[in-house]
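Values quoted throughout were computed directly from the atomic coordinates according to the rules given, and no laboratory measurement underlies them. All figures in this text were calculated on a predicted structure; none of them were measured in a lab. Cβ placement follows ideal geometry from the backbone for every residue including glycine, while neighbour counts extend to all protein chains displayed.
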Amino acid sequence: MSSRRTTWDLAKQAGPYQAYAYSYPHKTAYRNFVPRRLSDVWENEDQSGLFLYAHIPFCEMRCGFCNLFTLASAKDTLQEAYCDAFERQAALIREELPDARFARIAIGGGTPSILEIPQLERVFSSLSAFVNPLDVPVAIEVSPATISRKKLDYLKAAGVNRISVGIQSFIESETKSLRRPQSAELAHQALDLMRNTGFDIMNIDLIYGIENQTPETFKHSLHEALKYAPEEIYLYPLYVRPLTGLGRTDAEWDDFRQTLYRVGRDLLLEQGYHQLSMRMFRRSDAIAPEGPPYACQADGMVGLGVGARSYTSSLHYSTEFAVGRPSVKGIIQDFVERPDHAHIHANYGFELNVDDQKRRHIILSLLSDETLLDATYASRFGSEPESDFPELQELVDDGISERTQEGMRLTSLGLEWSDAIGPWLTSHKVKSLSEEFELR
């Protein structure tokens, strides 16, 4: 047997928790480019089943672990001005893409539920110009402190069928260490309201790897969440990143998080949940909302609002990215004051060459339960994944992935290493751009 170390062997030395590849490439690889009109950007794209995403960049507080594009404790006047700009941008983009058809809607942030009902009505009115929210799956993110019976009733009537709430932990000392003080009582009140409103899918987010968390305290939070029989549960490893307020990286912490991950995974599997990715678990008897088909690897996304990304097959674009409060506030203010012509042009993002398109397809397929299907890959690229990327065999040899008749999928061990596989498959170009990016 050869003792030569593979590229995957070398990648594993950095540990299982390297980066969350929820998309590819990350926005830190985006740069300015010559403005291109959106009608030209989308001209040759399949627009028959797109994802419509709306970004609400406001929260009641910034959690210590958060590196999303959001502004905490914004003035009411700024939120109102943002809704004005959102409506204007949405109308202009719809005029640019009159033939686009949409398969689903997601409203994220930030915390969209921080908006008052009249502001939410304005958002949904803008979305309805693209597709009737009652005809497609609609997801929204909320927080325990920003929902009420009246607001939830409105969201349900407006078409929301998937609601996701970040609880993180039911133990107050743990949420306090995350710089997100939240009482267990408030969490339970919010979950009672959500469950009783009757959304088709309720998702609960929990975090593991918190300071002083133990397998027992993590199990406690899991059992508290399971009392509500949520259709979905996401288990997020705690990451600490620049400008977020928390800071820690070491091998011992990796072992700690991996132990907690296994505790959570095993408990949820025992309780009848099916694992769809490293983070996502769905109750086995839960039915996903019906709607037009959508494949994240190939189909596009139109983003509305500051901080929202848009995806075509070869171009990803957005507004500028920041995490620090002064920079985020400045970007939001720029969006509010932006002239009409700026809303219908893209000038900041990343152009994917064929190599990066292939890498995106492989990463998004492997890291979910959809499987990296040979036929789908071949129909899009005219080749086979392992002929383009022979190093994929290293994952099979290490027990990280396995071959099936249809293609390749991660093993249970492979799912544990998802946050190392994404970075390992990232191109040198994307890595270099991300490393050069100055977070502000």
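Can you give me the relative contact order of the stretch 317-386 as a percent, contacts being Cα pairs under 8 Å and 6 or more apart?
Relative contact order for the stretch 317-386 comes out at 26 percent.
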Original post:
Among all the aspartates and glutamates, which ones have a C-alpha under 14 Å from K329's C-alpha, if same-chain residues fewer than 8 places away are not counted?
Top reply: D76, E320, E337
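Sort largest first and round to whole Å: the equivalent ellipsoid semi-axes of the stretch 38-283, each the square root of five times a Cα gyration tensor eigenvalue. Let's see the in-between values first.
On the way: eigenvalues 212, 78, 73 Å².
The answer is 33, 20, 19 Å, longest axis first.
When the helix-only estimate is applied to the chain (DSSP H runs of n ≥ 4, each -39,500 (n - 2.57), divided by the residue count), what is the mean residue ellipticity at 222 nm, nearest 500 deg cm²/dmol? Numbers along the way, then the final one.
Working: 18 runs with 174 residues, N = 440.
The helix contribution divided over the chain gives -11500 deg cm²/dmol.
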**OP:** Kindly give Rg over Rh for the stretch 362-425, based on alpha-carbon atoms, with the Kirkwood expression for the hydrodynamic radius.
**Re:** 0.93
Subject >> DSSP-defined antiparallel bridges as percent of all bridges, the stretch 38-283, nearest 5 >> reply: 20
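Taking the Cα centre of the stretch 38-283 as origin and charging only Cβ (+1 Lys, Arg; -1 Asp, Glu), how large is the dipole, in debye to the nearest 20? Working shown, then result.
Working: 26 positive and 34 negative charges, 110 e Å.
Rounded to the nearest 20 debye, it is 520 debye.
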**OP:** Compute the distance in nm between two label points, each set 7 Å from the Cα along the Cα-to-Cβ direction, one at Y154 and one at E435.
**Re:** 4.8
Original post:
Exposure proxy check: D192, D388 ranked by fewest other beta carbons within 10 Å?
Top reply: D192, D388
Subject >> Of N353, Y261, Y154, farthest towards positive along the dipole that unit charges on Lys, Arg, Asp, Glu beta carbons give the chain >> reply: Y154
Original post:
Looking at S183, A81, G109, which one has the Cα that reaches farthest to the positive end of the dipole of the stretch 38-283 (charges on Cβ: Lys, Arg +1; Asp, Glu -1)?
Top reply: S183
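Could you give the size of the charge dipole of the chain about its Cα centre, using +1 on the Cβ of each K and R and -1 on the Cβ of each D and E, expressed in debye and rounded to the nearest 20?
Numbers: 46 positive and 62 negative charges, 180 e Å.
Once rounded to the nearest 20, the dipole reads 860 debye.
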Subject >> Set of aspartates and glutamates with alpha-carbon distance to K151 below 12 Å, sequence-local pairs under 8 removed >> reply: E116, E121
Original post:
How would you classify the chain from its alpha-carbon gyration tensor, with a ≥ b ≥ c the square roots of the eigenvalues: rounded for a/c under 1.5, else prolate if a/b is greater than b/c, otherwise oblate?
Top reply: rounded
**OP:** Select from V165, V41, V138 the residue whose mean-square fluctuation is largest in a Gaussian network model of the chain (Cα-Cα springs shorter than 10 Å).
**Re:** V41
Original post:
Which one of Q213, L367, G198 has its Cα pushed farthest toward the positive end of the charge dipole of the chain, where Lys and Arg give +1 and Asp and Glu give -1 at the Cβ?
Top reply: Q213
Subject >> Only Lys, Arg (+1) and Asp, Glu (-1) charged, at Cβ; the stretch 358-405 dipole about Cα centre in debye >> reply: 340
**OP:** For K429, list the lysines whose Cα falls under 20 Å from its own Cα; do not include residues on the same chain fewer than 8 positions away.
**Re:** K27, K358
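Per residue and in Å³, how big is the convex hull formed by the alpha-carbon atoms of the stretch 261-413? Don't skip to the answer; put the middle values down first.
Working: hull volume 28.1 nm³, N = 153.
Convex hull volume per residue, Cα atoms: 183 Å³.
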